[in-house]
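Worksheet for the structure shown next.
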Number of protein chains: 2
Amino acid sequence: MLSTTSNKVSFADLWADLGDLIDVDRGETIYHPGTPSNSVYIVESGRVKLAYLDESGKKLTLTIVDAGEIFGEMCLVGEKHRRHLATAIEETVLRCVEKKVFMKLIGEDPATLQQLVQHFAARMREFEETLEDLAFRDIQARLSRQLLKLSDEYGVETKEGILIGLSVTHKELADMIGSARENTTLALNRFAREGILDKSRYRIVIKNEAGLRKKCHAT
Amino acid sequence: MLSTTSNKVSFADLWADLGDLIDVDRGETIYHPGTPSNSVYIVESGRVKLAYLDESGKKLTLTIVDAGEIFGEMCLVGEKHRRHLATAIEETVLRCVEKKVFMKLIGEDPATLQQLVQHFAARMREFEETLEDLAFRDIQARLSRQLLKLSDEYGVETKEGILIGLSVTHKELADMIGSARENTTLALNRFAREGILDKSRYRIVIKNEAGLRKKCHAT
């Protein structure tokens, strides 16, 4: 019944007739810390990045939300104001479902409630893995784990190797691993020198996956 | 319906007649990474610490589970083997409920399923806060935030100040904030020199809460 350990729980089959559709441009903010928290969003198409900002403006990417997944769900468990920055990283279409409508839905349909359990469990597990990375791993290990994760989720086989089919800047990669941009670029350059990957500003191709896997365990 | 943002979701009123009671001594291991994952535990009395161990044996405390709360719930969402170390930090009585019994319960009782959603959401939020600490805050800030958290949950007013009513070693505090024992002791010594707290091996009294709060924002 509650049967998946995947980090991606899809709500795509639900409430096709509920809520309003919203078009969001790449780079556009959906909400920021302090915005009143009263709707759940489902990603119909595109991708959304959730990030935490500290007082000084430093950023930590918490997760990337793909098509079919939900975000903004903390309003269902009492959150009054958003704690994160939600930004579209591609042209995105969202379905925005009011909190009270969503609450009615899960009250009437245990299957949706079960999906919500899976969603929270998967997100919790994802945060936990990031925690372990930050506590125990150096930048090279964190970067290689992040690149393998992106390759699992967005990898495309090409002649040169596995192209990461999500365009990310070095700064965005740095935010994903809780590191400074400069150190992330240094580690990427090192991986490139060692023939593990090819990179340009937005494009990364993994040429030696086994080599990258070895870097995960170096500390 | 799903109405709490507290980090503590109580399952105390549930299944008083389900499962088996187990007595666990202080310091005893309940499960470790690799143990088959097929039961949910409720803490009837006492306290349990969940920690993550890395390959080299370094430890990060993820949470402390109090009376009324559950742990080991990842078996409900597909976990086959435990990923954590669960240790009693006091004399503890647990109720151990088999996965299939728990699954039957949530299938029949939406209220339990709703509690499970709250539980996962609260745990997720807790992990997220630890993530922010590790990514953005130095040891003094992390330590002061952790001490305030312990004081909120376990604080006892005394003549000298707020006694943290949970006996923790410097090593245990270090594991809670993802730091080395030596650096944690240095920070505690500094707080003691500044008159913010009094400490002995297992006992911490907060003498100047406002001073400790200021340390949370120093980086």
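Just a few scattered comments:
- Of A:Gly27, A:Gly46, A:Gly72, the one that fluctuates the most in a GNM where chain A has Cα springs shorter than 10 Å: A:Gly27
- Per-residue ³J(HN,Hα) for the stretch A:58-65, Karplus 6.51 cos²θ - 1.76 cosθ + 1.60, θ = phi - 60°, Hz, x for Gly and Pro: 5, 10, 10, 6, 8, 6, 10, 9
- Violating pairs (Cα-Cα greater than 20 angstrom) within the set A:Lys149/A:Lys215; A:Lys159/A:Lys207; A:Lys171/B:Lys59: A:Lys171/B:Lys59
- Taking every residue in A:110-120 and counting other chain Cβ atoms within 10 Å of its Cβ, the average works out to 6.
- Positive contributions from Lys and Arg (+1) and negative ones from Asp and Glu (-1), summed over other residues with Cβ under 10 Å from the Cβ of B:Thr92, come out at -4.
- Of the chymotrypsin sites (Phe, Trp or Tyr not before Pro) found in the stretch A:134-219, the ones in coil according to DSSP and having at most 12 other Cβ atoms within 10 Å of their Cβ are A:Tyr202.
- Computed over chain A, the convex hull of the alpha-carbon atoms projects to a mean area of 12.9 nm².
- Projected label distance in nm at A:Lys159 and B:Ser167, using a 7 Å step from Cα toward the beta-carbon: 7.0 nm
- Volume per residue for the protein assembly as shown equals 153 cubic angstrom (convex hull of Cα atoms).
- Among the residues of A:75-81, the average count of other protein chain beta-carbon atoms within 10 Å of the residue beta-carbon is 5.
- Sorted largest first, extent of the stretch A:138-216 alpha carbons per principal axis (Å): 32, 23, 19
- In summary, the aspartates and glutamates within cross-link reach of A:Lys214, defined as a Cα separation below 13 angstrom excluding same-chain residues under 8 places away, comprise A:Glu194.
- Set of aspartates and glutamates with alpha-carbon distance to A:Lys199 below 16 Å, sequence-local pairs under 8 removed: A:Glu157, A:Glu160, A:Glu172, A:Glu182, A:Glu209
- Loop-located GluC sites (Glu not before Pro) in the stretch B:145-219 (DSSP state other than H, G, I, E, B) with a sparse environment of at most 11 neighbouring Cβ atoms within 10 Å: B:Glu160.
- Long-range tail of P(r) for the stretch A:20-133 (Cα pairs > 16 Å, %): 61 percent
- Per-residue 3J(HN,Hα) values for the stretch B:187-193, derived from phi via the Karplus relation 6.51 cos²θ - 1.76 cosθ + 1.60 with θ = phi - 60°, read 5, 4, 4, 5, 4, 5, 4 Hz in sequence order (x marks Gly and Pro).
- Nearest-0.05 FRET efficiency for A:Glu108 and B:Lys207, computed from C-beta distance (R0 45 Å): 0.25
- GNM result for chain A, Cα springs below 10 Å: residue of A:Ile196, A:Ile177, A:Ile42 fluctuating most strongly: A:Ile196
- Note on chain A: GNM, Cα springs under 10 Å; of A:Val48, A:Val156, A:Val40, the largest mean-square fluctuation is that of A:Val156.
- Other protein chain Cβ atoms within 10 Å, averaged over every residue that makes up A:56-63: 2
- The distance between label points at A:Ala12 and A:Lys58 comes to 3.8 nm (points 7 Å beyond Cα on the Cα→Cβ vector).
- Qualifying trypsin sites (Lys or Arg not before Pro) in the stretch A:37-71, DSSP loop, other Cβ atoms within 10 Å at most 16: A:Lys58
- Helix-only CD estimate at 222 nm, as mean residue ellipticity for the protein assembly as shown, using -39500 (n - 2.57) per DSSP H run (n ≥ 4): -12000 deg cm²/dmol
- Local net charge near B:Thr185, Cβ-Cβ under 10 Å (Lys/Arg +1, Asp/Glu -1): +3
- Spatially proximal lysines relative to B:Lys99 (Cα-Cα < 20 Å; intrachain offsets below 8 disregarded): B:Lys80
No lab work stands behind these numbers, since they all come straight from the coordinates. Only a predicted model underlies this, so the values are computations on that prediction, with no experimental measurement involved. Virtual Cβ from ideal backbone geometry, glycine too; neighbours counted across all protein chains shown.
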